[in-house]
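**Q** Just passing along the structure, written as structure tokens.
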Amino acid sequence: MIGKQSHKGNLPNKMRASGAKGGRLDNLQQFLETHPTSIQALDHFAAIPWINKFLTNPAYKAIPTYGRVRKSDNTEDWFFAQTTNSPTTIPHFLTLQRKDFCPLPESPRGTISLSAGPRTTPYRAPEYPDCITFLDLGSPGLDGHSGILHGGMAGAILDETLGLTVSLHLASHPKRGLSGMTASLHVTYRAPVLTPSTVVVRTWVEVREGRKWVCRGQIVDGDDVVLTEGEALFVTGVQSATL
């Protein structure tokens, strides 16, 4: 699984672009079309051999991460775009989206059943989750215990990546102007997330029922060990202004 050579020079050209600070946009689709993917993040993760299998997977494409771009007219997304965007927190953050991403069909009412408590075994992730996110976790800015990611930060990472996954589904929804809010988030801590380290977050929508979306995600290490996982319920509504 883990290669020995760096593939920094072999990144597909379509994945390479320069970074940019962005303004507030009317919708996520417009953001994706007008903002480049961070070349700094691409180059950083391409230099990590075990990440290469994700970057070169033809099923995925790199996209700009909405929450890592500062908005010019307000403080939206300040936490991940500014507060945790430093050498001692999360200096590099990259999102891949499945290319055959399509709206999830609605399930019959009564389908949703959320986890009632701690699970003894991890969720079974799909072969191709909706999104795969890479995070370069720094230290000591994210530490709870020395050299270990604070549990609240792990929850925040899951909330952010799960929320983006739902937003990407909503962006392709025929009804425009929808936005989602986290109604609940259940987090299970299975093993310490070490800092500094590189982790992968895989996220996917499990089921959609009316305005309710259940999304699951896992923070895993380079050996594919599930360190932290979460299940979130998002509720959608029509936004009054912009994303």
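The values are calculated or read from the model by the stated rules, or taken from the named source; none is laboratory data. Source: prediction; values computed, not measured. Glycine gets a Cβ as well: all are built from the backbone with ideal geometry, and neighbour counts include every protein chain shown. Remember, those area values only see protein heavy atoms, side chains included, never the ligands or the DNA or RNA. Shrake-Rupley method; radii C 1.70, N 1.55, O 1.52, S 1.80 Å.
**Q** Return only the number of the condition from (1) under 19 Å from the mean Cα position of the chain (by Cα); (2) hydrophobic (A, V, I, L, M, F, W, C); (3) modelled with pLDDT of 95 or more that residue 47 does not satisfy.
**A** (1)
**Q** Tell me whether the stretch 135-149 contains one or more residues that are in contact with a Cys (Cβ under 7 Å, 6 or more places away or on another chain), of a type outside the set (D, E, K, R), modelled with pLDDT of 95 or more and crowded, with 19+ Cβ neighbours inside 10 Å. I'd like the intermediate steps shown before the answer.
**A** Going through the stretch 135-149, the residues in contact with a Cys (Cβ under 7 Å, 6 or more places away or on another chain) turn out to be none.
Checked against the condition, which is being in contact with a Cys (Cβ under 7 Å, 6 or more places away or on another chain), of a type outside the set (D, E, K, R), modelled with pLDDT of 95 or more and crowded, with 19+ Cβ neighbours inside 10 Å, the stretch 135-149 yields no hits at all.
**Q** Taking interchain pairs and intrachain pairs at least six residues apart, which have beta carbon atoms under 6 angstrom, with the first residue in the stretch 214-239 and small (Gly, Ala, Ser) and the second at pLDDT 95 or above and not in a strand (DSSP E or B)?
**A** Short answer, once both residue conditions are applied: 217/158; 217/161; 217/162; 222/50; 230/158; 232/162.
**Q** Counting just the residues of the stretch 70-114 that are over 26 Å from residue 40 (Cα atoms) and of a type in the set (A, V, I, L, M), which one comes out surrounded by the most Cβ atoms within 10 Å (Cβ to Cβ)?
**A** So the residue we want is 104.
**Q** Of the numbered conditions (1) at pLDDT below 90; (2) closer than 24 Å to residue 155 by Cα; (3) open to solvent by less than 40 Å² (accessible area, probe 1.4 Å), residue 119 satisfies every one except a single condition; which is it?
**A** The failed condition is (3).
**Q** Got at least one residue in the stretch 225-243 being at pLDDT 95 or above, among the β-branched types (Val, Ile, Thr), open to solvent by less than 30 Å² (accessible area, probe 1.4 Å) and assigned to a strand (DSSP E or B)?
**A** Scanning the stretch 225-243 turns up at least one residue that is at pLDDT 95 or above, among the β-branched types (Val, Ile, Thr), open to solvent by less than 30 Å² (accessible area, probe 1.4 Å) and assigned to a strand (DSSP E or B).
**Q** Let me ask another. How many residues does the stretch 202-231 hold that are of a type in the set (S, T, N, Q) and under 25 Å from residue 102 (Cβ atoms)?
**A** From the stretch 202-231, those of a type in the set (S, T, N, Q) are 203, 218, 228; that's our starting set.
Pick out the ones that are also under 25 Å from residue 102 (Cβ atoms) and you get 203, 218.
The total comes to 2.
**Q** Just checking, how many residues over the stretch 90-116 are modelled with pLDDT under 90 and touching a Lys or Arg at 6+ places or on another chain (Cβ under 8 Å)?
**A** As a first pass, look at the stretch 90-116 and keep what is modelled with pLDDT under 90: 101-116.
Checking which are touching a Lys or Arg at 6+ places or on another chain (Cβ under 8 Å) leaves us with 104-107, 112.
Number of matching residues: 5.
**Q** Now for a separate question. Which members of the stretch 180-204 meet the condition of being over 18 Å from the mean Cα position of the chain (by Cα) and open to solvent by less than 30 Å² (accessible area, probe 1.4 Å)?
**A** 195
**Q** Something else now. Give all pairs with beta carbons closer than 6 Å in which a residue from the stretch 61-80 that is at pLDDT below 95 meets a residue that is open to solvent by 90 Å² or more (accessible area, probe 1.4 Å); count only pairs at least 6 apart in sequence or on separate chains.
**A** Close Cβ pairs satisfying both conditions: 70/21.
**Q** Quick one: would you say residue 99 is in contact with a Leu (Cβ under 9 Å, 6 or more places away or on another chain), over 29 Å from residue 189 (Cβ atoms) and not β-branched (Val, Ile, Thr)?
**A** Working: in contact with a Leu (Cβ under 9 Å, 6 or more places away or on another chain): no; over 29 Å from residue 189 (Cβ atoms): yes; not β-branched (Val, Ile, Thr): yes.
No.
**Q** If you don't mind, there's one more thing I want to ask. Scan 210, 222 and give me the residue that is at positive phi and open to solvent by less than 50 Å² (accessible area, probe 1.4 Å). Walk me through how you get there before you give the answer.
**A** Details: 222 fails: at positive phi.
Of the residues listed, the single one that is at positive phi and open to solvent by less than 50 Å² (accessible area, probe 1.4 Å) is 210.
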